1. Looking at the stretch B:27-58, which GluC sites (Glu not before Pro) are DSSP coil and have at most 16 other C-beta atoms within 10 Å of their C-beta?
2. Say R0 is 60 Å: what FRET efficiency, to the nearest 0.05, do B:GLU370 and B:ILE419 get from their beta-carbon distance?
3. What area, in nm² and to one decimal, does the C-alpha convex hull of chain B cast on average over all directions?
4. Based on the Cβ-Cβ distance of B:ASN201 and A:ASN99, what FRET efficiency does E = 1/(1 + (r/R0)^6) give at R0 = 41 Å, to the nearest 0.05?
5. Over chain B, what is the relative contact order in percent, taking alpha-carbon pairs closer than 8 angstrom and at least six residues apart?
6. Any chance you could check the Cα centroid distance between the stretch A:34-80 and the stretch A:94-126 for me, in angstrom?
7. Chains A and B: what accessible area do they bury, summed, in square angstrom to the nearest 100, with a 1.4 Å probe?
8. Report, for A:GLU421, each distance to the same residue's label point in the other copies, shortest first and in nm; define the point 7 Å along Cα→Cβ.
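The values are calculated or read from the model by the stated rules, or taken from the named source; none is laboratory data. Because the structure is predicted, anything quoted here is derived from the model rather than measured. Cβ atoms come from the backbone with ideal geometry, glycine included; neighbour counts cover every protein chain shown. Side chains are part of the model used for accessible areas, which takes the heavy atoms of the whole protein and leaves out ligands, DNA and RNA. Shrake-Rupley method; radii C 1.70, N 1.55, O 1.52, S 1.80 Å.
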Number of protein chains: 2
Amino acid sequence: MSKNLTKREEDYSRWYNELVVSADLAENSGVRGCMVIKPYGYAIWEKMQAELDRMFKETGHSNAYFPLFVPKSMFEAEEKNAEGFAKECAIVTHYRLKNDPDKPGKLMVDPNAKLEEELIVRPTSEAIIWSTYKNWVQSYRDLPLLINQWANVVRWEMRTRLFLRTAEFLWQEGHTAHATKVEAIEETERMMNVYADFVQNFMAIPVVKGIKTANERFAGADETYCIEALMQDGKALQAGTSHFLGQNFAKAFDVKFTNKEGKQEHVWGTSWGVSTRLMGALVMTHSDDKGLVLPPNLAPIQVVIVPIFKNHEQFDQIKLVVDDLVQSLKKLGVSVKFDVRDTLSPGFKFNEHELKGVPIRIAVGPKDIENGTFEIARRDTLTKEIVSKDGVVHYVSNLLEQIQNDLFNKALDYRNNHITEVNSFEEFKDVLENKAGFISAHWDGTSETEEKIKDLTKATIRCIPLDRKNEEGICIFSGGQSVGRVLFAKAY
Amino acid sequence: MSKNLTKREEDYSRWYNELVVSADLAENSGVRGCMVIKPYGYAIWEKMQAELDRMFKETGHSNAYFPLFVPKSMFEAEEKNAEGFAKECAIVTHYRLKNDPDKPGKLMVDPNAKLEEELIVRPTSEAIIWSTYKNWVQSYRDLPLLINQWANVVRWEMRTRLFLRTAEFLWQEGHTAHATKVEAIEETERMMNVYADFVQNFMAIPVVKGIKTANERFAGADETYCIEALMQDGKALQAGTSHFLGQNFAKAFDVKFTNKEGKQEHVWGTSWGVSTRLMGALVMTHSDDKGLVLPPNLAPIQVVIVPIFKNHEQFDQIKLVVDDLVQSLKKLGVSVKFDVRDTLSPGFKFNEHELKGVPIRIAVGPKDIENGTFEIARRDTLTKEIVSKDGVVHYVSNLLEQIQNDLFNKALDYRNNHITEVNSFEEFKDVLENKAGFISAHWDGTSETEEKIKDLTKATIRCIPLDRKNEEGICIFSGGQSVGRVLFAKAY
């Protein structure tokens, strides 16, 4: 807290790591690659959860819970999915420890407690869920199945970073089953739109909606829809994905239904998820060199009030006024904290609340009491204003809305200024190196070209935007035919 | 659904298993010992979570999230705790699968991906959390730490039963750290009281508050407080526990703080939890031979309205009246469903809603429309009444409260009628066999006697009730001195 953060332009990656830890969002644990989400970070995640959960229920979904473990034979049933996750699976092989005869006080794995079949700790739950759906679906009347799960999953990553890539992370995963292909595609698109609404309106992060190329598609899906955001360092971040699974899992797990004509068919599936990765996107979209900047919708504390006083008498006068203000703000549903800690100076508190991204800070000293005013500071712009006591509740409530909108618009401007059209590979490399951001370019549609570009530049195709223009062109790399531009970027 | 449930008096255990599955609460999964919590069951669990979470926050706690895995060396640091859970640990030993060269399309554990140190899937999180608290606590100003986690845990049970004992279950676990012993004990008692309030007022299940004997104490605790409920078959069920951990984990993980006098001390700890086991208690306390009986507080649907009609005209008339009623009830926060499924008969629907425990069923037919009435049926008493349209909203809203209270009082009567004082071991065995329930008896205070009684009768000491009278007596088994009665029972 006393030390300043590394500046973004000095070392963006270090700035991020320092900020996540010093703002009390999360920290590395004593378990390789796993993080501890601290209370302040978790309170933000809870706000995301509550809003997403509301949106899922509003679109007809129910929550359920499926096992953490997947037996190996079940895991490998859908081959592409299994292949896609096989290299990053944590595997349970034993079910008991015993005292180590050679080391008093120490335990060892009991070799007599080996499992007959290994259990995979779920990296994603399609396998376990579709093996269950088999028994839940007989007739068209049982469809659609619209289910979501809030859960932890494990993917054994070699290089981890808090929130962005951790061995264990928290997420929600929707898994739905439908009678027709059309319905399943509608669901896939609906949930991509729910994610886009949430990320844009609630998190104030603009996104591009699009479709992944075959290379970047979810293992086991026929099509992956995604929303892509742009971070302040010009790197892209995949903020959510929604997969049209075709009949792949239905066939792998033999999930059939009798249709209205009495004929047996395989059902059509979707799955969709967002994770604690969104916490990383939140930090990297809005925050600055002084610390977190939180959109009011996500701030555990929206308004903090800091009293400035030299003696008890002054404090008592301030308290009288502030108690009133706190009550009025709470009535409007504003989350407000009166910071009365008496061992810390106002300056220390100001720094701390800036670091933690509290959207509005109100300072009150003896002069304010005299004048009937408050000093109101915005975290996002770091500007201050003196506001009369009379209109203050209205002012604060409007300002919270204003900040939410301003943050979105600021990020949108940045994003829009960082979509660059290029028409040659030289230009492509130049923009990638000197400006970064999304690069809009023609591509010949082959995985081969995509991979070569990735090998040479580390940039990948983030998506084929849903709203792209039909525009014939020449692939910047191969010179082959293209029917429209795609978005490339380096990505988290 | 078409088949009737086994009757409770025929086979209570079978009745329970059938009911949990047929009421769509949960089912066994394809993973040994792990259950799938189905949407209807999960909706009830979500109501429990929401209320508990509110109560935890009201008492000053914040949520956080700690890793699923515990490295073996960390796990074994607190020896008693490690010993207590060692025999039921799922253990991750490898982090990658590879293609099986001998079996095309199959995967095998990659022997080259063995972990240097095995990871225990958390059976409880004291070890990982206290290893983290070490860095969070320096001074008395950092205390108390009041943290809760909602999580899944794994305990490798050999004999599992839906909700009551499963290899994986969902729970919350509070973990707090305090500057003084007195504060830690206060916290332990506070959380036991929170649990008791929740289980009694929200779940309508009466409990006895008490302290566990050394035999039944949590591994690593100095004292375990508990709330004990009584099921309809006369067996007890531990509904929640709150542990005073002394300085055991603080010492094992070297968690010290500088007190106000500048001296280093180990902190004092507590932990407390309730789990999806409460779902089992809910089922076994209130339900009957026709299915679930849910207290209105926990019912995902509190009121169901079934239309009875022969033609579209009749349905349209009914719908007009019902739409009004639905709106009015929703305004009061009542969760109501108008069951318009047109391929099912009213009788089928009645059975289904009875099976699923919907507290109030309203039936409306053409005669009711004529007379301006509704037929209102209570699930708990299976009684019906004709109620005039005019007062119906008020009637329903009162009835929900009435049902909530009646369920508690009914369970309380049963429980109170099943606490039997005995003064000899013969009497003890007789009551245990012929009446069951809690048996209040004198005990000499030794683990030896407790274990002998357990070996002979399968009954254990459920708790030393907090409100027990000081009453000198003679141990029913050993004849030794006793200072007050304890509660024995067979238990889940």
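1. none
2. Once rounded, the FRET efficiency stands at 0.70.
3. Working: hull surface 119.5 nm².
Computed as one quarter of the Cα hull surface, the answer is 29.9 nm².
4. 0.35
5. Working: 981 pairs, mean separation 66.7, N = 492.
After rounding, I find 14 percent.
6. So the separation of the two Cα centres works out to 26 Å.
7. Chains A and B together bury approximately 5200 Å².
8. Result, one decimal in nm: 9.2.
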